[in-house]
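Novice: Below is a structure I'd like to ask you about.
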Amino acid sequence: MSLSEQFFESDELHPIDIVETLATHHDWDFDRVADDQIAMAIEGQWRTYSVTLAWSGYDETLRMICTFDMEPPSTSMPALYEILNLVNDRCWAGAFSYWHEQKLMVYRYGLVLAGEQLASSSQIACMVETAVLAAERYYPAFQLACWGNRSPEAAMQVAIAEGYGRA
């Protein structure tokens, strides 16, 4: 029986219950913050990402944020904002922003489930995987633009270059 089929045996299909099952299945550390919210820690190549999903019944949206700490020097802020624009031009789903006060880089996405639509485990897994993959892909570019004295355009070349083999 597939992971998503397990939920169809139940009358109650809460999106956060699906996320909790996915987190358990992938062995991600998680904390069910509330009935409508879950926080997870997902290990990547560059760092551990904090991923939070929250369900809003009011607007029928499953919101996800994937964050990681980032405290660039104040002199790098123009380059950071420029590279954020370049990165977001390449992100088809979701977008990055920088929360200056919290010193966090944030990838955000909202899955609208209006009309009492149901989220599948595949959709939710794709949301989370897309967020972590985007963070992994663009993390080096953010670093190069903020600390590596590279122009945002040059830093983006790292993110869009295809890697072959292993070093």
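Novice: Kindly write out, for the range 26-35 in residue order, the coupling ³J(HN,Hα) from the Karplus curve 6.51 cos²θ - 1.76 cosθ + 1.60 (θ = phi - 60°), rounded to whole Hz, with x marking Gly and Pro.
Specialist: Each residue's phi maps through the Karplus curve to give 8, 6, 7, 5, 8, 9, 7, 5, 7, 4 Hz.
Novice: Another question, then. If amide hydrogens are placed 1.01 Å from N in the peptide plane, which non-local residues have theirs closer than 5 Å to the one on Val33?
Specialist: Hits under the 5 Å cutoff: Ile38, Ala39.
Novice: Each label point is 7 Å from the Cα along the Cα-to-Cβ direction; what then is the distance between the points at Ser151 and Val112, in nm?
Specialist: Rounded to a tenth, the inter-label distance reads 3.8 nm.
Novice: Using only the C-alpha atoms of the chain, find the volume of their convex hull and express it per residue in Å³.
Specialist: So the per-residue hull volume is 139 Å³.
Novice: Hey, what did the chain get for relative contact order, percent, Cα under 8 Å, at least 6 apart?
Specialist: Averaging sequence separation for qualifying contacts and normalising by length gives 21 percent for the chain.
Novice: Skip the ligands, DNA and RNA, and give the accessible area per residue of the range 105-156 with a 1.4 Å probe, whole Å².
Specialist: Working: 2370 Å² over 52 residues.
Using a 1.4 Å probe on heavy atoms only, each residue of the range 105-156 averages 46 Å².
Novice: Regarding the range 90-167, what is the average projected area of its C-alpha convex hull, in nm²?
Specialist: 7.6 nm²
Novice: Among residues other than Glu60 whose Cβ falls under 14 Å from its Cβ, what is the net charge (Lys/Arg +1, Asp/Glu -1)?
Specialist: Summing Lys and Arg as +1 and Asp and Glu as -1 gives -2.
Novice: For the pair Asp36/Tyr58, report the inter-label distance in nm, with labels modelled 7 Å from Cα in the Cβ direction.
Specialist: Label-label distance for Asp36 and Tyr58, simple model: 0.7 nm.
Novice: Under 15 Å from the Cβ of Glu129, count the other residues' Cβ atoms, weight Lys and Arg +1, Asp and Glu -1, and hand me the total.
Specialist: On the way: positive: Arg137; negative: Asp27, Glu43, Glu136.
Combined, the nearby Lys, Arg, Asp and Glu give -2.
Novice: Short version: ³J(HN,Hα) in whole Hz for each residue of the range 100-107, in order, from phi by Karplus 6.51 cos²θ - 1.76 cosθ + 1.60 (θ = phi - 60°), x for Gly and Pro, what are they?
Specialist: Calculated HN-Hα couplings, in order: 4, 4, 8, 6, 10, 8, 10, 10 Hz.
The values are calculated or read from the model by the stated rules, or taken from the named source; none is laboratory data. The model shown is predicted, which means the values in this text are computed figures rather than measured ones. Backbone-built Cβ (ideal geometry, glycine too); neighbour counts: all protein chains shown. Surface areas here come from the heavy atoms of the whole protein model, side chains and all, with no ligands, DNA or RNA. Shrake-Rupley method; radii C 1.70, N 1.55, O 1.52, S 1.80 Å.
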